[in-house]
Amino acid sequence: GEVNAAEFESVCTQLMKRFPRAQKVIITLRGSINANHNTWGGVLYSDGKLYQSPRYDITHIVDRVGGGDSFMGGLIYGLLTYTGDDQKALNFAVAASCLKHTIYGDFNLVTVEEVEKLMSGDASGRVSR
């Protein structure tokens, strides 16, 4: 269930070298404890710096379908909304996708306010809905 985000810095730098026109590398980090319990986080590499999201402990997954789409949708929203703040954009993407794991179906039906509430939540990272 544990995924060490810092270990992905080498992967990110290698990808940036292989694809020199890329501006950012983003990787989701899932730790699988069992089918209903995962850890969830991500890293974003840009301008020689690795950003790490908080790690969430999702204890009651109801549907993983759409988790990646909701992450990318959240990242696009975050990059457009929090211009110049890659850390906040990554945190928004991870929180949005984390919440999606608690919703049936392939659409993320949460609001921006719900995502931002999770982003500013307690340090435990536990998701309750």
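The table below lists the values:
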{"quantity": "Single unsatisfied condition, Glu114 versus (1) free of Cβ contacts under 8 Å to residues at least 24 places away in the same chain; (2) assigned to a strand (DSSP E or B)", "calculated": "(2)"}
{"quantity": "Ile26 being surrounded by 13 or more Cβ atoms within 10 Å (Cβ to Cβ), part of a loop (DSSP other than H, G, I, E, B) and either touching a residue at least 24 places away in the same chain (Cβ under 8 Å) or touching a Gly at 6+ places or on another chain (Cβ under 7 Å) (or both)", "calculated": "no"}
{"quantity": "Residue check, Thr102 under 15 Å from the mean Cα position of the chain (by Cα) and in a loop (DSSP other than H, G, I, E, B)", "calculated": "yes"}
{"quantity": "Candidates Ile61, Ile103, Ile26, filtered to the one that is in contact with a strand residue (DSSP E or B) (Cβ under 9 Å, 6 or more places away or on another chain) and at pLDDT below 95", "calculated": "Ile61"}
{"quantity": "Subset of region 36-93 (residues that are of a type in the set (A, V, I, L, M, F, W, C) and part of a helix (DSSP H, G or I))", "calculated": "Phe71, Met72, Leu75, Ile76, Leu79, Leu80, Ala89, Leu90, Phe92, Ala93"}
{"quantity": "Among (1) more than 21 Å from Glu7 (Cα to Cα); (2) outside any loop (DSSP other than H, G, I, E, B), the one test that Gly31 misses", "calculated": "(1)"}
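The values are calculated or read from the model by the stated rules, or taken from the named source; none is laboratory data. The structure presented is a predicted model; accordingly, all values stated were derived computationally and were not measured. Note that each Cβ is placed from the backbone with ideal geometry, even for glycine, and that neighbours are counted across all protein chains shown.
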